[in-house]
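What follows is one structure encoded as structure tokens, with my remarks underneath.
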Amino acid sequence: MTVLDTLESILERVDAVSIPLEVDNAFEVVRRRLFSSMSDDEETERDLTCEAFRRMYQNSRSEYPNNVSDQHYLQRMKDCYPIHPEIFDRLFEDWAVMPGFQRTRGVLRI
């Protein structure tokens, strides 16, 4: 391998690492690293829990943001489970503006 090949290899890896994940992709990475795969029973419990949150949001619409009672948000809750998507939103949107905060790595560390 030549010096140029070695340098290109290093720069490709550095470039790949610096691509920030979108919030929706990041919560999948965090969930996978922190929790094991769910059994069928656990998936049923997840669905019941998320549906209970959706009903609560729907029954108290004036107390929560508009988007939390729609079908898309229900799917986000299931995808993030057992962590609520609002936690990811706060970490990724609010904390990400802090200098040096690496989104996915920082969330995993917290």
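The values are calculated or read from the model by the stated rules, or taken from the named source; none is laboratory data. Keep in mind it's a predicted model, so treat the numbers as computed, not measured. Reconstructed Cβ throughout: ideal geometry from the backbone, glycine too, with neighbour counts over all protein chains shown. To get the accessible areas, we keep the full protein, side chains included, count just its heavy atoms, and leave off ligands, DNA and RNA. Shrake-Rupley method; radii C 1.70, N 1.55, O 1.52, S 1.80 Å.
Taking region 59-82 on its own, how many of its residues are under 14 Å from ASN25 (Cα atoms) and either assigned to a loop (DSSP other than H, G, I, E, B) or in contact with a Leu (Cβ under 6 Å, 6 or more places away or on another chain) (or both)? I'd like the intermediate steps shown before the answer.
First, pick out the residues of region 59-82 that are under 14 Å from ASN25 (Cα atoms): 75-81.
Within this subset, residues satisfying the condition of being either assigned to a loop (DSSP other than H, G, I, E, B) or in contact with a Leu (Cβ under 6 Å, 6 or more places away or on another chain) (or both) are 81.
Adding up the residues that qualify gives 1.
May I ask you to list the residues in region 1-25 that are modelled with pLDDT of 65 or more, acidic (Asp, Glu) and surrounded by 10 or more Cβ atoms within 10 Å (Cβ to Cβ)? Of everything in region 1-25, those that are modelled with pLDDT of 65 or more, acidic (Asp, Glu) and surrounded by 10 or more Cβ atoms within 10 Å (Cβ to Cβ) turn out to be GLU8, GLU12.
Please indicate, with yes or no, whether at least one residue in region 71-78 is modelled with pLDDT under 70, open to solvent by 100 Å² or more (accessible area, probe 1.4 Å) and of a type outside the set (Phe, Trp, Tyr).
Initial filter on region 71-78 (modelled with pLDDT under 70): none.
No, there is no match, as no residue in region 71-78 is modelled with pLDDT under 70, open to solvent by 100 Å² or more (accessible area, probe 1.4 Å) and of a type outside the set (Phe, Trp, Tyr).
Is it the case, given these coordinates, that GLN58 is within 18 Å of the chain's Cα centre (by Cα), surrounded by 11 or more Cβ atoms within 10 Å (Cβ to Cβ) and modelled with pLDDT of 90 or more? No.
When the residues of region 26-46 are narrowed to those that are in contact with a Lys or Arg (Cβ under 7 Å, 6 or more places away or on another chain) and under 19 Å from GLU86 (Cβ atoms), which ends up most open to solvent (accessible area, probe 1.4 Å)? Walk me through it before giving the result.
Of region 26-46, the ones in contact with a Lys or Arg (Cβ under 7 Å, 6 or more places away or on another chain) are 26, 38, 46.
Narrowing the set further to residues that are under 19 Å from GLU86 (Cβ atoms) leaves 26, 46.
Values: ALA26: 0, ARG46: 42 Å².
By that ranking, first place goes to ARG46.
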